[in-house]
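K.L.:
Mind having a look at this structure? Questions to follow.
The values are calculated or read from the model by the stated rules, or taken from the named source; none is laboratory data. Worth saying up front: this structure is predicted, and the values here are computed from it rather than measured. A quick note on method: Cβ atoms are made from the backbone with ideal geometry, for glycine too, and the neighbour counts reach across all protein chains shown. Surface areas here come from the heavy atoms of the whole protein model, side chains and all, with no ligands, DNA or RNA. Shrake-Rupley method; radii C 1.70, N 1.55, O 1.52, S 1.80 Å.
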Amino acid sequence: MSGLSIVIPTYNCGEYIETCINSLARLEYDELIIVDDGSTDQTEEIIDSLSNKKLVYIKTDGNFGVSAARNIGLERVRSKYVMFMDADDSLVLNQSRLINGVVNKDFDLVVFGNEIQNEEFFGDEIPKDEIYLSLAGYKQYPGFITAVFSKLYRVDMLRMGHITFNESVKKAEDAIFNLEVVQSIDSVKFVQAGLYKYRNNTNSITKSVSYNVSKNYIVTSTWFAEFFSNQLSSEQHNSLQLNWMLREIYCLTLSNQNPADSLREIMSHYRKIVVSRYMVNWRNIRNKHRVIYVCLLMRLYPAAVFFEKYKREKELNSGSYAVEAFEVL
């Protein structure tokens with residue numbers, strides 16, 4: 001296999017899909033696979049109007065989620081590398097040459113980012129333990145973000161490792177995918193370059209979360225516990241699980257689910273899965289998260305939800321989230 005395939009799942013992104021595709025104009029690729037996960041807007045009409053001979057359009061007969069859509073696209077890939085994008089994002093045009101320049105190389109994984117250093121690692125040199133913790137949200141490895149964008153994946157490596165997106169997970173599918181990837185790679189190249197324009201807007205940040213948050217937390221935290229079995233110290237394991245639990249509580253405040261019932265389920269599972277509720281690396285826990293955690297331990301669930309909502313509103317009002325702005329990663 002040679003070259004590059006691009007997989008873009010989409011659901012009702014007709015407003016942005018053409019801009020996304022046009023941003024690939026300078027990129028050398030074999031095929032562009034658009035997997036339409038049951039859109040009800042004008043997406044199909046826009047795709048039909050484009051004259052791109054490399055474009056493959058697949059529409060599902062229902063809305064099965066981003067993981068299922070990516071897996072459908074991944075199964076279709078016949079190139080050496082695959083790159084994933086979201087339909088409302090785009091590439092920085094003048095950075096396409098950097099991707100073109102590495103497609104003929106032989107790395108299992110290529111990672112682009114503003115904050116990483118230009119480095120290459122092979123075999124045991126790869127800092128897998130540090131990257132693992134970063135992907136699980138515990139301790140950031142410089143520039144290695146959890147998301148699957150800004151990365152090229154060697155398709156042979158994915159298929160040999162039977163690596164696909166976990167369709168039973170509604171949040172953290174990228175983290176789980178990348179953890180399995182890093183576990184399987186023998187070589188990785190880091191390229192210091194911001195080439196992915198991520199659309200970050202208030203509407204997407206504050207929209208309602210529809211998946212079952214407590215169920216998703218139980219599935220993902222159990223997966224992490226099994227993946228990291230015998231790899232982490234008790235303190236690292238507890239800290240990782242605490243960070244992940246706090247992330248899901250943030251999502252809970254964006255949902256219409258009963259917070260008290262959900263928090264009881266979450267905390268019941270959390271108490272079972274950690275070695276100790278107090279043996280954590282507090283240096284990596286922000287003060288506002290410490291307050292929320294204390295409320296949870298004391299079963300003051302309404303107070304925990306209040307502080308989480310207050311924290312989010314304060315960040316929104318301070319301008320931490322830009323409206324309809326792109327963040328270049």
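K.L.:
How many of the residues making up region 107-163 are open to solvent by 50 Å² or more (accessible area, probe 1.4 Å) and in a loop (DSSP other than H, G, I, E, B)? Steps first, answer last, please.
P.N.:
Applying the first criterion (open to solvent by 50 Å² or more (accessible area, probe 1.4 Å)) to region 107-163 yields 114-115, 117-120, 122, 124-125, 129-130, 139-140, 142, 145, 154, 156, 159-160, 162.
From what is left, the residues that are in a loop (DSSP other than H, G, I, E, B) are 114-115, 117-118, 139-140, 142, 145, 162.
The total comes to 9.
K.L.:
Right, next: Condition first: at pLDDT 85 or above, open to solvent by less than 30 Å² (accessible area, probe 1.4 Å) and either of a type in the set (A, V, I, L, M) or within 18 Å of the chain's Cα centre (by Cα) (or both). Now tell me which residues in region 197-218 satisfy that. Spell out how you get there, then give the answer.
P.N.:
Our first condition is that a residue be at pLDDT 85 or above; within region 197-218, this holds for 197-198, 211-218.
When the remaining residues are screened for being open to solvent by less than 30 Å² (accessible area, probe 1.4 Å), the result is 213-214, 216-217.
Once the filter is applied, which keeps residues that are at pLDDT 85 or above, open to solvent by less than 30 Å² (accessible area, probe 1.4 Å) and either of a type in the set (A, V, I, L, M) or within 18 Å of the chain's Cα centre (by Cα) (or both), region 197-218 yields V213, N216, Y217.
K.L.:
If you don't mind, another one. Quick one: M1 ticks every box in (1) of a type in the set (A, V, I, L, M); (2) at pLDDT 95 or above; (3) farther than 22 Å from K197 by Cβ bar one, so which box is it?
P.N.:
With respect to (1) of a type in the set (A, V, I, L, M); (2) at pLDDT 95 or above; (3) farther than 22 Å from K197 by Cβ, M1 is out only on (2).
K.L.:
Right, next: Please list, ordered by first then second residue, the pairs with beta carbon atoms under 8 Å, 6 or more apart or interchain, first in region 234-262 and closer than 14 Å to R312 by Cα, second open to solvent by 20 Å² or more (accessible area, probe 1.4 Å) and polar (S, T, N, Q).
P.N.:
Listed pairs, sorted by first residue: L254/T206; L254/S208; S255/S208; S255/S210.
K.L.:
What do you reckon, is V182 assigned to a loop (DSSP other than H, G, I, E, B) and buried (at least 18 other Cβ atoms within 10 Å of the Cβ)? Show your work before the answer.
P.N.:
On the way: assigned to a loop (DSSP other than H, G, I, E, B): no; buried (at least 18 other Cβ atoms within 10 Å of the Cβ): yes.
Criteria not met by V182.
K.L.:
Which count do you get for residues in region 49-79 that are over 18 Å from the mean Cα position of the chain (by Cα), among the hydroxyl-bearing types (S, T, Y) and open to solvent by less than 40 Å² (accessible area, probe 1.4 Å)?
P.N.:
Within region 49-79, residues that are over 18 Å from the mean Cα position of the chain (by Cα), among the hydroxyl-bearing types (S, T, Y) and open to solvent by less than 40 Å² (accessible area, probe 1.4 Å) number 2.
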